[in-house]
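Taking it in order: structure first as structure tokens, then the write-up.
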Ligand code: UDX
């Protein structure tokens, strides 16, 4: 997307397979719309791909470090890949190159990297430029950001980043310039706050169910108060993905290192875990146990619009049911290949209807639009029992009731209690 703004971009990754795919215009993951931009920019030679640091152009003006920062066993962000990338780059580019950390890193990391490079005798300027892209809508999130955050140490770094984001500044998109540690903190706090909203609404869903209130009406009405905001108030099977759980843990751990207990965020983490396990419990309760029962799962990715199953609540719920000897058949429009790597003790169907054949219950766990448009009239005749658990509140429950299904929505009046 930076090349689309007219910049000349060289991309380096040590994974040769990915680089070969990208060179041929193919994206190694599912991200709607991205392939078109890639093709255009390869053609106009604004973007190139390399599989070795040795191919870095020494005159590169700005390097964005975008490698992953996975959780270690204690929940800390593992910065091995960041340091490795920075170290490789620093040995190959001129000292006036600006090194910008785009990876999500604990507050203080850019300063630590600056010191690390200084100790090695390098005098690089460092910047921080967090991303706020959601998988599945990354292209439009890039093109229409709410704001761009840059954390800098010098005026020169600011000027260089302003050149890169010129087209956005010209469109009056707010550019917030901070020090590096504040920029790092903004990213963590934003993700933590969004995760808190999701965990909050999911707790409200649990209560709505018991009281006979309606979570969707509640969330929409709350969201109309602009102090609250309507985004990220959709009840579901819990938050997952490669960012929220990891970043939440890293922030909690970082605070602990400073002898601070982040009570709200510890609760958010626990609440999300409980919510996911409660969903499996609900299914067990309603079905009076799941042992040897055939259960269909629609949706395995952590949300729709992506093929990513990392920290997906759907995978966790499937696994909990498998542990209790349920016989699961699942289908996901995009995530099957990735799911097969992590969830081995289940069957996979070629389509949604196939997954539901002979099932005693159907669990909808990811909000893919195609699930809404199934032929539910004929689906009922091939299921062993007409139980539908809609954990995304995606389906037309009135219609399903008319067809004779037992419908268990999330955060709506319900016949069961855990
Ligand atoms: C997130 C941040 O939103 C993004 O700014 C950051 O750059 C990366 O992390 P992403 O991981 O793609 O993006 O997922 P997001 O859309 O934020 O959803 C996270 C999880 O929360 C998903 O499991 C999703 O299903 C869940 N969610 C989100 C809800 O259950 N309800 C909501 O209303 C919103």
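Just for the chain, what percent of DSSP beta bridges are antiparallel, to the closest 5?
Of the beta bridges lying entirely in the chain, close to 10 percent run antiparallel.
Quick check: residue separation of residue 15 and residue 228 times 0.36 nm, minus the Cα distance between them. What number comes out in nm? Spell out each step's value before the answer.
Values: separation 213, 0.36 × 213 = 76.68 nm, distance 4.24 nm.
Extra length from residue 15 to residue 228 when fully extended: 72.4 nm.
For the stretch 3-187, what is the relative contact order in percent, using Cα pairs closer than 8 Å and at least 6 residues apart in sequence?
19 percent
What ranking, highest mean first, results for peptides 245-251, 403-409 when packing means the other Cβ atoms within 10 Å averaged over each residue? Intermediate values should be presented prior to the final figure.
On the way: 245-251: 22.9, 403-409: 17.7.
Top of the packing list down: 245-251, 403-409.
Quick one: order 44, 87 by neighbouring beta-carbon count within 10 Å, fewest to most.
Sorted ascending by nearby Cβ count, the order is 44, 87.
Cα axis of helix 155-164 to longest principal axis of the chain: angle in degrees, 0 to 90, nearest 10?
Result, in degrees: 60.
If each residue's Cβ is checked for other Cβ atoms within 10 Å, how do 24, 381 rank with the fewest at the top?
Sorted ascending by nearby Cβ count, the order is 381, 24.
In deg cm²/dmol and to the nearest 500, what is the mean residue ellipticity at 222 nm of the chain if only DSSP H runs of at least 4 residues count, each as -39500 (n - 2.57), divided by the residue total?
Taken over the chain, the calculation gives -13000 deg cm²/dmol.
What percent antiparallel are the DSSP beta bridges of the stretch 3-187, to the nearest 5?
Values: 3 of 19 bridges.
About 15 percent, rounded to the nearest 5.
Could you tell me how many degrees, from 0 to 90 and to the nearest 10, lie between the Cα long axis of helix 313-323 and the main elongation axis, the longest principal axis, of the Cα atoms of the chain?
Roughly 50 degrees between the two axes.
Expected output is a single nm value to one decimal: the length gained when fully extending between residue 53 and residue 72, i.e. 0.36 nm times separation in residues minus the C-alpha distance. What is it? Spell out each step's value before the answer.
Values: separation 19, 0.36 × 19 = 6.84 nm, distance 2.55 nm.
Here the segment from residue 53 to residue 72 would lengthen by 4.3 nm.
Report, in degrees rounded to the nearest 10, the 0 to 90 angle that the Cα long axis of helix 263-286 makes with the longest principal axis of the chain.
30 degrees
Each value in this text was obtained by applying a stated rule to the coordinates, not by laboratory testing. Values in this document were obtained by computation on a predicted structure and should not be read as measured data. Virtual Cβ from ideal backbone geometry, glycine too; neighbours counted across all protein chains shown.
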